[in-house]
1. Looking at 56, 75, 34, which is the one that is open to solvent by less than 60 Å² (accessible area, probe 1.4 Å) and at pLDDT below 90?
2. Given the conditions (1) in contact with a helix residue (DSSP H, G or I) (Cβ under 6 Å, 6 or more places away or on another chain); (2) surrounded by fewer than 15 Cβ atoms within 10 Å (Cβ to Cβ); (3) not in a loop (DSSP other than H, G, I, E, B), which single one is not true for residue 135?
3. Could you check the stretch 88-132 and list, in sequence order, the residues that are open to solvent by 100 Å² or more (accessible area, probe 1.4 Å) and either among the aliphatic types (A, V, I, L, M) or in contact with a Gly (Cβ under 6 Å, 6 or more places away or on another chain) (or both)?
4. List, please: which pairs have Cβ atoms under 7 Å, are six or more places apart or on different chains, and start with a residue in the stretch 101-119 that is closer than 16 Å to residue 141 by Cα and free of Cβ contacts under 8 Å to residues at least 60 places away in the same chain and end with one that is in a strand (DSSP E or B) and basic (Lys, Arg)?
5. Would you confirm whether or not the stretch 12-28 contains a residue that is at pLDDT 90 or above, on the phi < 0 side of the Ramachandran plot, surrounded by 12 or more Cβ atoms within 10 Å (Cβ to Cβ) and not hydrophobic (A, V, I, L, M, F, W, C)?
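The values are calculated or read from the model by the stated rules, or taken from the named source; none is laboratory data. Note that the structure is predicted; figures quoted are calculated from it, not measured. Methodologically, a virtual Cβ is constructed for each residue, glycine included, from the backbone with ideal geometry; neighbour enumeration extends over all protein chains shown. To get the accessible areas, we keep the full protein, side chains included, count just its heavy atoms, and leave off ligands, DNA and RNA. Shrake-Rupley method; radii C 1.70, N 1.55, O 1.52, S 1.80 Å.
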Amino acid sequence: LFLTYVKKDKKGFAEELYMSIKQVKHMIESGMYIGWHGSEHNRMGKLSIDDQEKEIIQAIDFFKEIGSQNQNLIISYPYGNFNNSLIKKLKRNNFDMGLTVKVGIALLNKKNAFELPRLDTNDFPTQINAHPNNWVNKATK
């Protein structure tokens, strides 16, 4: 199916679809924050404790490689999947918070910092002249 519909080699397609290290570094230099979403997009809560540790170490190494700060580290859990052992490992490795796939406005406190709800881009109006929806109204109060 890939060759039928995309008609490109996988490497060329990936280079076009994903950002390069150079592009990521440029975003950081321009003031963008880069968080983490897993090295291989695994369901983090289903990984062994050792594999969770490997994923976290890979993330920290990647942050160093791209010149990102090693403070205020945030994970957005792939598929919203996490567990208590992952949260403990994230805390031990200086992560500050985790974003779930629960839809809502996050109220930050230390108790829930690794189980924060979030709004996805799909939760906002898509047309420039659209009226604000309930989420926009709640977020701007």
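1. That would be 34, the only listed residue that is open to solvent by less than 60 Å² (accessible area, probe 1.4 Å) and at pLDDT below 90.
2. Unmet condition: (2).
3. Hits for the stretch 88-132 are 107, 108, 128.
4. 106/118
5. Yes, because at least one residue in the stretch 12-28 is at pLDDT 90 or above, on the phi < 0 side of the Ramachandran plot, surrounded by 12 or more Cβ atoms within 10 Å (Cβ to Cβ) and not hydrophobic (A, V, I, L, M, F, W, C).
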